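Colleague: Pasting a structure below so you can have a look.
The values are calculated or read from the model by the stated rules, or taken from the named source; none is laboratory data. Quick caveat, the model's predicted, so the values are computed rather than measured. As a convention, Cβ positions derive from the backbone with ideal geometry for all residues, glycine included, and neighbour counts pool all protein chains shown.
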Amino acid sequence: MDKLKNKVAIITGGAGGIGKATAKLFLDQGAKVMLIDLTESELQNTVANLNNPDVSYCVADVSIAKEVKKYVAETLSTFGKIDLFFNNAGIEGKTQPIAEYPEDVFDKVIAVNLKGVWLGCQNVMPEMEDGGSVIITSSVAGLKGFKGLGAYVASKHGTIGIMRVAALEFADRMIRVNSVHPGPVNNRMMRSIEKDMSPDNPAEVQKGFEAAIPFKRYAESSEIAELVLFLASDESKYITGTTQVIDGGMYIA
């Protein structure tokens, strides 16, 4: 129960399903955790539910540089160092064909999912301890296309490029950088996508996604968290620059 003993972690998107599940696992394994998200009430509820003295939070928009700098400074002030960075915050946008996609929604998806990852790496990694680990949340949509999800797919493909460059640029400090690529996860984001695709019958959309997954089910947030824990721990100390797929076989189907 001490894979992350004496480690300090930042988790963006900390009030979301995967963020919360990962925070719980990190805390159980001995880490101190700073949660980052947009809504203070959701962060407060998350901290209360985690019920651990080693978790704190900072309200910040990951797409704004000065707010990213704020959460870095808050982490250093609270915990004194940064060992682990789960660069996880993301939004789904809308489900519409490219020809009809609203420009303002596209801009927001790119700002959060791509620029947010960029700004996180730019501002967090120089402050990290040598030998640390960065895990970036991409998606199976970062590896293949999905009709109607053009902005999301573009943003998640882009994070792979950031991951690979960051892995090279920080290798001399033994900071490893990897991306995780979930398929559909049983959480709020997928409920939103399902309803956006079919407001009258979102359950049918879920059935369609499940049929495209060889394991015939969505992942649970806790299963994604277990992969993130592996990449955060010293068990992955020689792994960097990789795309770690966790999708029940969806990518290869």
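Colleague: Of the residues Lys20, Lys7, which is in contact with a Leu (Cβ under 6 Å, 6 or more places away or on another chain) and under 22 Å from Val117 (Cα atoms)?
Modeller: On the way: Lys20 fails: in contact with a Leu (Cβ under 6 Å, 6 or more places away or on another chain).
Unique residue meeting the criteria: Lys7.
Colleague: Can you name the residue in the range 1-15 that is surrounded by fewer than 24 Cβ atoms within 10 Å (Cβ to Cβ) and of a type in the set (D, E, K, R) and is also modelled with the lowest pLDDT among such residues?
Modeller: Asp2
Colleague: Looking at Val165, Val245, Val185, which one is surrounded by fewer than 19 Cβ atoms within 10 Å (Cβ to Cβ) and aliphatic (A, V, I, L, M)?
Modeller: On the way: Val245 fails: surrounded by fewer than 19 Cβ atoms within 10 Å (Cβ to Cβ); Val185 fails: surrounded by fewer than 19 Cβ atoms within 10 Å (Cβ to Cβ).
Unique residue meeting the criteria: Val165.
Colleague: Please give the helices (runs of 4 or more DSSP H) falling wholly within the range 174-247 in which 2 or more residues are of a type in the set (Gly, Ala, Ser). Give the steps one after another, and end with the answer.
Modeller: Working: elements: 188-197, 202-211, 221-232.
Answer list for the range 174-247: 202-211, 221-232.
Colleague: Related question: Looking at the range 16-37, which of its residues are surrounded by 17 or more Cβ atoms within 10 Å (Cβ to Cβ) and either without any contact (Cβ under 8 Å) to a residue 40 or more places away in the chain or β-branched (Val, Ile, Thr) (or both)?
Modeller: The answer is Ile18, Thr22, Ala23, Leu27, Val33, Leu35, Ile36.
Colleague: Now, a different point. Hand me the list of strands (runs of 3 or more DSSP E) wholly inside the range 51-165 holding 1 or more residues that are small (Gly, Ala, Ser), within 14 Å of the chain's Cα centre (by Cα) and at negative phi. Steps first, please.
Modeller: Working: elements: 55-59, 84-87, 133-137.
The qualifying strands (runs of 3 or more DSSP E) are 133-137.
Colleague: Pick out the one residue from Lys81, Lys66, Lys115 that is modelled with pLDDT of 95 or more, among the basic types (Lys, Arg) and either farther than 21 Å from Val177 by Cα or in contact with a helix residue (DSSP H, G or I) (Cβ under 7 Å, 6 or more places away or on another chain) (or both).
Modeller: Details: Lys81 fails: either farther than 21 Å from Val177 by Cα or in contact with a helix residue (DSSP H, G or I) (Cβ under 7 Å, 6 or more places away or on another chain) (or both); Lys115 fails: either farther than 21 Å from Val177 by Cα or in contact with a helix residue (DSSP H, G or I) (Cβ under 7 Å, 6 or more places away or on another chain) (or both).
From the options Lys81, Lys66, Lys115, the qualifying one is Lys66.
Colleague: Moving on to the next point. If Tyr251 satisfies every condition in (1) out of contact with any strand residue (DSSP E or B) (no Cβ under 9 Å at 6 or more places or on another chain); (2) surrounded by fewer than 20 Cβ atoms within 10 Å (Cβ to Cβ); (3) not in a helix (DSSP H, G or I) but one, which is the exception?
Modeller: Here Tyr251 clears every test but (1).
Colleague: Give me the residue from the range 124-148 that is crowded, with 22+ Cβ neighbours inside 10 Å and either modelled with pLDDT under 95 or of a type in the set (S, T, N, Q) (or both) and, out of that set, nearest to Ala60 (Cα to Cα).
Modeller: Ranking the qualifying residues of the range 124-148, first place goes to Thr137.
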